[in-house]
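Structure first, then comments.
The values are calculated or read from the model by the stated rules, or taken from the named source; none is laboratory data. The structure displayed is predicted, hence computed values, not measured ones. Note: ideal-geometry Cβ built from the backbone for every residue, glycine included; neighbour counts use all protein chains shown. For the accessible areas, the whole protein counts, side chains as well, though only heavy atoms, and no ligand, DNA or RNA atoms are used. Shrake-Rupley method; radii C 1.70, N 1.55, O 1.52, S 1.80 Å.
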Amino acid sequence: MRMRDHAQVVIIGSGGFGASTAYHLARRGLRDVVLLDRYELGSQTSPRAAGLTSKVAASELMVRLVHEAVETLAAFEATTGRSIGFHRVGAMRVLLTAEGESRMRRDAALAQSLGVKVEFLSADQAERMAPHFRAAGARAILFCPEDGYFHPPLVAQEFAAAAADLGATLLPGTAVTAIRHGGGHIRGVQTSKGPIESPVVVDAAGAWSALLADEVGIRVPMVPTRHQLFITEPLAGLEPHHPIVRIHEPSVYTRPEQGGLMLGGYEDHPLQIDMRAQPADFQVRDLPLDLGVLVGLAAEVFTHFPALRGARIREHRGGLPTMSPDGEHIVGPVAGLGGFYIASACNVGGLSLSASVGRALADLIAEGSCQPDLTPFSIERFRGRDLDPAALRDACARAYARKYTKA
Ligand SMILES: Cc1cc2nc3c(=O)[nH]c(=O)nc-3n(C[C@H](O)[C@H](O)[C@H](O)COP(=O)(O)OP(=O)(O)OC[C@H]3O[C@@H](n4cnc5c(N)ncnc54)[C@H](O)[C@@H]3O)c2cc1C
């Protein structure tokens, strides 16, 4: 597409957050939306995700957002004519401890009260539904039939393409080198291909989002944190319609993929990446991976997935989700700099959630308000509570470690 010199809204970063925001702005009828990315569209952390959804969450705001997001993803092909490979296979959550069970009963009641279907399964029911799974040791198994998985590389790319179908301009290979502002308001961006004037700029630059915001004096308290998964070679009896199975206490998730089992999880001591220390041309594909982390997590769930013992690994991948110190997203406007919005701290759930967060952010930009109210995600909650870099890294590592056990 041709370079632009002005726009109503410039969105920096075409991962899930940025691409969905562009799509929803275009759907609202904004014709002058520019979505740009320094690399190929949707090429960094988003395509490396597992592609799971979860309608069960700990807060009303999150349940409302994931409920909407899953339904948007499920209807995406019917709405846009573009497939993201959504399979509504349902998701099990397996609780091994009394504490985990009581928390899950509370979350299940919350989800149910907000219109999400959930039920507790017996061990037999669960094993019939997921023949590769053994329930031994499970205290409770919650099932949400409305959850599912999608093909991760397609989500950001198809949101971007659908935005272009509605008139948005896509500019891959265009890096923002500076954010222009004056008089307390955004003026536009400087890019590797020239300036673009705009009264609204959205920083959806993923692992780079704090670096960009720093340029305009805004500290985004998040830490890019490595998260990995593997996919085994095909395993006998595993079918694409088998459900997602999450084992809570070790914080491990699985789903079928290409005839094999995908497994990912949240270790105790994640690798955190200082983006300032990376070369200027760093891409997520350059991230060092460590299969040992996943082998350790897999060993913790061998009793539940016996076929994992000795299974051969077909694919191993990882990316750089952004963790906040309180485990909540950072999305919305920034006080004191009119027209500047942030969509960061995906907390390893941003690809599925982008479907509703992008819609809400688009409403916020276009109308000044949105439902549900995203104020709990505002960066303002950190005002006056600046953590020094070591304390920030520590808090973000704690928010990540064994994530399913966090309230
Ligand atoms: C192994 C793994 C499993 C995961 N599983 C799930 C899951 O099951 N479900 C789920 O919902 N989420 C999952 N996630 C998390 C999910 O991938 C992220 O939440 C989501 O992709 C984050 O999207 P993003 O838009 O913030 O970042 P990104 O996809 O990284 O996009 C940011 C973009 O900004 C661009 N950019 C940066 N700086 C600039 C600049 N100066 N100028 C222009 N462009 C710039 C980058 O090139 C990049 O394309 C998983 C992640 C990993 C790694």
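Using R0 = 60 Å, the C-beta based FRET efficiency linking Ala280 and Ser102 works out to 0.75. Using a cut-off of under 17 Å, list every residue of the range 337-365 whose amide N is near the label point 7 Å from the Cα of Thr375 along the Cα-to-beta-carbon line. Of the residues in the range 337-365, 361, 364-365 have backbone N under 17 Å from the label point off Thr375.
Sort out the exposed loop trypsin sites (Lys or Arg not before Pro) in the chain (DSSP loop, at most 12 other Cβ within 10 Å) and tell me the longest stretch that has none. That gives 32-308 as the longest site-free run. The stretch between Glu197 and Ser83, if pulled fully straight at 0.36 nm per residue, gains 37.7 nm over its current Cα-Cα span. For Thr232, Thr80, the ranking by accessible surface with the largest value first comes to Thr80, Thr232, using a 1.4 Å probe.
List the relative contact order of the chain as a percent without decimals, with contacts defined as Cα pairs under 8 Å and 6+ residues apart. Value for the chain: 24 percent. Per the Cα gyration tensor, the chain maps to an equivalent ellipsoid with semi-axes of 35, 21, 21 Å, ordered largest to smallest.
With 0.36 nm allotted per residue and the present C-alpha distance subtracted, the Asp5-Glu127 stretch has 38.1 nm of extension available. Of Leu96, Leu212, the residue with the largest accessible area leads and the full order is Leu96, Leu212 (1.4 Å probe). Contact order for the range 292-407, expressed relative to its length and based on alpha carbon pairs under 8 Å spaced 6+ residues apart, stands at 28 percent. Which of Val216, Val357, Val252 ends up with the largest GNM mean-square fluctuation for the chain, with Cα atoms connected below 10 Å? Comparing Val216, Val357, Val252 in a Gaussian network model of the chain, the most mobile one is Val216.
Among the protein heavy atoms, those of Val348 account for about 40 Å² of accessible surface (1.4 Å probe, every chain in place).
Pairs of lysines in the chain whose Cα atoms sit within less than 30 Å of one another amount to 5, provided the residues are eight or more positions apart or on different chains. Here the relative contact order of the range 216-356, from alpha carbon pairs under 8 Å that lie six or more residues apart, stands at 29 percent.
The stretch between Arg180 and Arg383, if pulled fully straight at 0.36 nm per residue, gains 70.8 nm over its current Cα-Cα span. The DSSP beta bridges internal to the chain are antiparallel in roughly 70% of cases.
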